[in-house]
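Participant: This is the structure I have questions about; it appears just below.
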Amino acid sequence: MFEGSVPIAHYLTLSAVLFVIGIVGVLVRRNVIVVFMSIEIMLNAVNISLIAFDHYLNLSNGQIFSFMVMCVAAAEVSVGLAIIIALHRNKPTVNLDEFNLLKW
Amino acid sequence: MLLKLTCLVPLFPLIGSIINGFFGLRIGKNAVGIIAAGSMALSFLTSILVFIGFLLLPEGQHIFEQVVWSWFGAGDFSVDFGFQVDPLTLVMMFVVTGVGFIIHVYAIGYMHEEYSFYRFFAYFNLFASAMLLLIMGNNFLLMFIGWEGVGCCSYFLIGYYFEKKSACDAGTKAFIVNRVGDFAFLLAVMYIFNIFGTIDFSEVMHAAPEKLVYAGEAVTIITMLLFVGATGKSAQIPLYTWLPDAMEGPTPVSALIHAATMVTAGVYMIVRCNALFNLAPMTMLAVAGIGAATAIMAATIGMTQFDIKRVLAYSTVSQIGYMMLACGVGAYTAAIFHLVTHAFFKACLFLGSGSVIHGIHGEQDMRKMGGLKNYMPVTYWTFLVSTLAIAGIPPLSGFFSKDEVLYHALMDGNIIFWGMGISAALLTAFYMFRLVFMTFHGESRVDPNVHPHESPKVMTMPLVILAGLATAGGILGIPLFHGWHILHNWLEPVLHFDLANALHHSEHILHEAGRHAPSWAHLLDPKEHNIWLEMFLMVFSACVAITGIAAAYIFYIKRPDLPEKFTKGQWGFELVQNKYGVDELYDETFVKPTVEASNLLWKECDAKAIDGSVIGTAKIIGWLSKQAQAFQSGFVRNYALFIAVGFISLLLIMF
């Protein structure tokens, strides 16, 4: 029922919307886990735009690059979660604003 | 060639000083003593070799210069690190190394109980080295280095017992008072450079008659500044106050530095610059006047003091006054002659007083001595010989030298100078025998718990040698028959001065400048050597000396109650005993305002203005960083916001 493919503008819009949701999540939410998830959303928003351009320009660079981003994201998740657990051991909370000791 | 050894003479004591200073504590006292005295002995022997080399110079050559290296240069001005040997230098070299060696040996015995034995000898050798640099340097700047070097070592050694407040204060006083003179000396050197374009002694002295106008402004200012320098180093009015206080140092220091060598540096310098001083009659008058006034004033103070070393210190001031008087009337030979004999007998007197102090365990007050001649015979006899020498009893050395000074004061100066000189001679005989009688004769007033004893041989041998020199030193200048005056003939090349030629040049310079030259013809009248007058003066001053001794005998042996009667409650006596209040006057006029001004500068300028500006700058930076600190809130979301805002603004700027 769709003639051809979805125009690139739709993908890009989706990507932008997800990215903004991610930014706003990082900025406004206090829960560490949610902030973390928001960062993942931002990464994936970028992935979407990479894949969209890849398909649109008929290249394969974008796909490879998105794999790289996923790898980074996976590594980031493992380190990030470890940090969160370490934090939680020191302070029984997930409220990001409680962790404000690292300043002068 | 033997003269090539010249540069070694000051080098030996310097090496000794370095070894003792750095390794003295490790190598032990005996080694320190051997190195210190040995370096002086080597220096003395080298001086003899240099002397022989000098005698072997071809006829008519009276100066040898050895440039070790070129010190520095700027434009067409260059200064060499070089030594100069001429008859005057040789005389001084023998005094410094010879008497210095004897005093070093003595000090080994005198200082043996001290813990910082090595420190003493390191400074002592350093002093000898600096003094040799002073007398051997071939230009004014090198002389100035030595001049400052001896002042510095003097400071170190006066403050040798630095645990004692009075010793520290005395050292500081000596240093600061000397600075006044040193500053004037430095100004004189600059002025000399300004006029001559060089500061080499032989060049300056050679060019002086051609470039300077007789009695002109320039030469008067230069010589006046040099003389102020000399008053500082040689303890003349008005800068003499440091020398009596300098007696806080160990006695060998008083003997070597503050009697025999350093304090005569001013006299040496004036004689060295005789070509300049001969051109400045006004300065000469000032030199003679100050010298005579110092001689008599110090002698009066010396009569009233009770500290054995202080009496000798004032005696030194007084005797240097004689030397200045001699310089001032143009009798440079007499000045150097008196310098040499004074080095002998005053060194012997100081060392003798050190032996006395050593023998009664550190007591210096003559009121607590008396009757010591049976306990320490060697000290007594050598002391007596030197006292007779300084009092001017024939045929001891002091008699000849002092008479020569007085004779020239009368012939080349005027009767006032002579009168002051002869009065000072009377006082000298009196206070010196007062010292001898109070210390060695009469009833013993020594603390009964103290058992006086003679000093060891290492201390008495130097005394005997110096007493021998004090006896025989007069041979250098037997005055009666023309041509017999060894020192006069020897120094002739240095002191030779053609006044007629200088006046001729001065007239020429003035003429070119379009000014009228005054008549100087009377200056060239020949002066006759009046043997009969000199004979009469000799007999007269010998009588004066004997009168002084007799007076001391009456006052301190026959009728010991008399001094009490004469002095008690007399305001005149009190005034003199308080040294005419000069110290207090200086305290009020110079020291206190300086201290107050320094305090003001410290508390207002330094603590408030300078520290305030520095601390203020730091505070401003601190305040700024306080403001910047707000950005580091510790809230992760804040940081994220900054990142986002930064990124967005980057985008906005780029597109």
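Each reported figure results from applying straightforward, stated rules to the coordinates on display, with no laboratory input. Everything quoted here is computed from the prediction, not taken from an experiment. Because the Cβ atoms are built from the backbone with ideal geometry, glycine has one as well, and the counts that use them run over all protein chains shown.
Participant: When Lys and Arg each count +1 and Asp and Glu each count -1, what net charge do the other residues less than 14 Å away from B:Val464, Cβ to Cβ, add up to?
Facilitator: Net charge around B:Val464: 0.
Participant: Continuing with this model, one more query. Based on the alpha-carbon gyration tensor of the stretch B:296-353 and its eigenvalue square roots a ≥ b ≥ c, which shape applies: rounded if a/c is under 1.5, prolate if not and a/b is larger than b/c, or oblate? Could the numbers behind the result be given before it?
Facilitator: Working: a/c = 4.93, a/b = 1.52, b/c = 3.25.
Here the stretch B:296-353 falls in the oblate category.
Participant: OK, next. At 7 Å along the Cα-to-beta-carbon direction for both B:Phe635 and B:Asn489, put a label point, then send me their distance in nm to one decimal.
Facilitator: In this crude label model, B:Phe635 to B:Asn489 measures out at 10.8 nm.
Participant: Let's test the formula: R0 of 56 Å, r as the Cβ-Cβ distance of A:Asn61 and B:Ile615. What FRET efficiency results, to the nearest 0.05?
Facilitator: The computed FRET efficiency comes out at 0.40.
Participant: Roughly what angle does helix B:457-472 make with the longest principal axis of chain B, taking Cα atoms, 0 to 90 degrees, to the nearest 10?
Facilitator: 60 degrees
Participant: If you average the sequence gap of Cα pairs under 8 Å that are 6 or more apart and divide by the length of the stretch B:113-188, what percent do you get for the contact order?
Facilitator: 23 percent
Participant: Can you give the Rg to Rh ratio for the protein assembly as shown, taking only C-alpha atoms and Rh from Kirkwood?
Facilitator: Computed over Cα atoms, the ratio is 1.34.
Participant: Residues with amide H under 5 Å of B:Trp71's amide H, sequence separation 5 or more or different chain, H placed in the peptide plane at 1.01 Å from N; which?
Facilitator: When sequence neighbours closer than 5 places are left aside, the close amide H contacts are B:Val79, B:Asp80, B:Phe81.
Participant: For a Förster distance of 51 Å, can you work out the FRET efficiency between the beta-carbons of B:Trp71 and B:Ala521, rounded to the nearest 0.05? Before the final figure, lay out the partial values.
Facilitator: On the way: r = 44 Å, r/R0 = 0.87.
So the FRET efficiency works out to roughly 0.70.
Participant: Under a straight-distance cross-link criterion of Cα-Cα below 15 Å, which aspartates and glutamates are reachable from B:Lys4, leaving out those fewer than 8 residues away in the same chain?
Facilitator: B:Glu65, B:Asp86
Participant: Taking the Cβ of each residue in B:Glu113, A:Glu98 as the centre, tally the other Cβ atoms inside 10 Å and list the residues starting with the fewest.
Facilitator: Ranking B:Glu113, A:Glu98 by Cβ neighbours within 10 Å, fewest first, gives B:Glu113, A:Glu98.
Participant: Then there is this: Please give the average number of partner chain Cβ atoms lying within 10 Å of the Cβ of each residue in A:22-30, rounded to a whole number.
Facilitator: That works out to 3 on average.
Participant: While we're looking at this one, here's another question. Rounded to the nearest 10 degrees, what's the angle between the helix B:100-110 long axis and the longest principal axis of chain B, both from Cα atoms, 0 to 90?
Facilitator: 80 degrees
Participant: Extending each Cα 7 Å along its Cβ direction at B:Lys457 and A:Asn31, get the distance between those two points in nm, one decimal.
Facilitator: 10.7 nm
Participant: From the Cα gyration tensor of the stretch B:119-179, with a ≥ b ≥ c the square roots of its eigenvalues, which class applies: rounded if a/c is under 1.5, or else prolate if a/b is larger than b/c, or else oblate?
Facilitator: Note, shape of the stretch B:119-179 comes out oblate.
Participant: What FRET efficiency comes out for B:Arg367 versus B:Ile34 if R0 is 56 angstrom and r is the Cβ-Cβ distance? Round to the nearest 0.05.
Facilitator: 0.90
Participant: List the aspartates and glutamates whose Cα sits under 16 Å from the Cα of B:Lys309, skipping any in the same chain fewer than 8 residues away.
Facilitator: Output for B:Lys309: B:Asp245, B:Glu248, B:Glu363, B:Asp365.
Participant: Scanning chain B for trypsin sites (Lys or Arg not before Pro) in DSSP loops with at most 16 other Cβ atoms within 10 Å, what's the longest stretch left with none?
Facilitator: B:165-444
Participant: If you don't mind, there's one more thing I want to ask. If you average the alpha carbon positions of the stretch B:271-305 and of the stretch B:374-402, how far apart do those two centres end up, in angstrom?
Facilitator: Taking the Cα centre of each part, the stretch B:271-305 and the stretch B:374-402 sit 25 Å apart.
Participant: In nanometres, what is the gap between the two model label sites at A:Ala9 and B:Met282, each 7 Å from Cα along Cα-to-Cβ?
Facilitator: My value for the distance between the label points is 10.7 nm.
Participant: Compute the length gained on full extension between B:Leu49 and B:Leu650: take 0.36 nm times their separation in residues and subtract their Cα-Cα distance, giving the result in nm to one decimal.
Facilitator: 207.5 nm
Participant: Round to the nearest 10 and give me the degree value, 0 to 90, for the angle of helix B:397-408's Cα axis relative to the longest principal axis of chain B.
Facilitator: 90 degrees
Participant: In percent, how large is the relative contact order of the stretch B:49-136, given Cα pairs closer than 8 Å and 6 or more residues apart?
Facilitator: Numbers: 58 pairs, mean separation 21.6, N = 88.
Reported relative contact order: 24 percent.
Participant: Okay, next question. Where the centroid of each part is defined by its Cα atoms, how far is the stretch B:123-183 from the stretch B:513-554 in Å?
Facilitator: So the two Cα centres are separated by 35 Å.
Participant: Can you list which of the trypsin sites (Lys or Arg not before Pro) found in the stretch A:17-104 are DSSP loop residues with at most 15 other C-beta atoms within 10 Å?
Facilitator: On the way: sites: A:Arg29, A:Arg30, A:Arg89, A:Lys103; in loops: A:Arg29, A:Arg30, A:Lys103.
Those satisfying the criteria are A:Arg30, A:Lys103.
Participant: Going by Cα centres, the stretch B:189-239 and the stretch B:432-479 are how many Å apart?
Facilitator: 40 Å
Participant: Need the list of lysines near B:Lys568 for cross-linking: C-alpha distance under 18 angstrom, and skip anything on the same chain fewer than eight residues off.
Facilitator: Qualifying lysines at Cα under 18 Å: B:Lys579.
Participant: Taking other Cβ within 10 Å of each residue's Cβ, how do B:Ser455, B:Ser625, B:Ser633, B:Ser397 sort, fewest first? If you can, show how the numbers build up before the last one.
Facilitator: Working: B:Ser455 22, B:Ser625 10, B:Ser633 14, B:Ser397 27.
Taking fewest neighbouring Cβ atoms as first place, the list is B:Ser625, B:Ser633, B:Ser455, B:Ser397.
Participant: Under 5 Å between amide hydrogens, which residues at least 5 positions from B:His485 or on another chain qualify, with H placed 1.01 Å from N in the peptide plane?
Facilitator: It is none; the list stays empty.
Participant: Continuing with the same structure: Would you mind checking B:Lys29/B:Lys457; B:Lys368/B:Lys558; B:Lys457/B:Lys558; B:Lys173/B:Lys592 for any pair whose Cα atoms are more than 25 angstrom apart?
Facilitator: On the way: B:Lys29/B:Lys457 17 Å; B:Lys368/B:Lys558 19 Å; B:Lys457/B:Lys558 34 Å; B:Lys173/B:Lys592 13 Å.
As for pairs spanning more than 25 Å Cα to Cα, those are B:Lys457/B:Lys558.
Participant: Ok, one more. What's the local net charge at B:Phe64, with K and R +1, D and E -1, over the other residues with C-beta under 13 Å away?
Facilitator: That works out to -1.
Participant: Relative to the present Cα-Cα distance, how much length would full extension add between B:Gln627 and B:Asn599 at 0.36 nm per residue of separation?
Facilitator: Extra length available between B:Gln627 and B:Asn599 comes to 6.2 nm.
Participant: Hey, another quick one. Going by how many other Cβ atoms sit within 10 Å of their own, how do A:Val46, B:Val32 line up, fewest first?
Facilitator: Numbers: A:Val46 18, B:Val32 26.
Ordered from fewest to most neighbouring Cβ atoms within 10 Å, A:Val46, B:Val32 come out as A:Val46, B:Val32.
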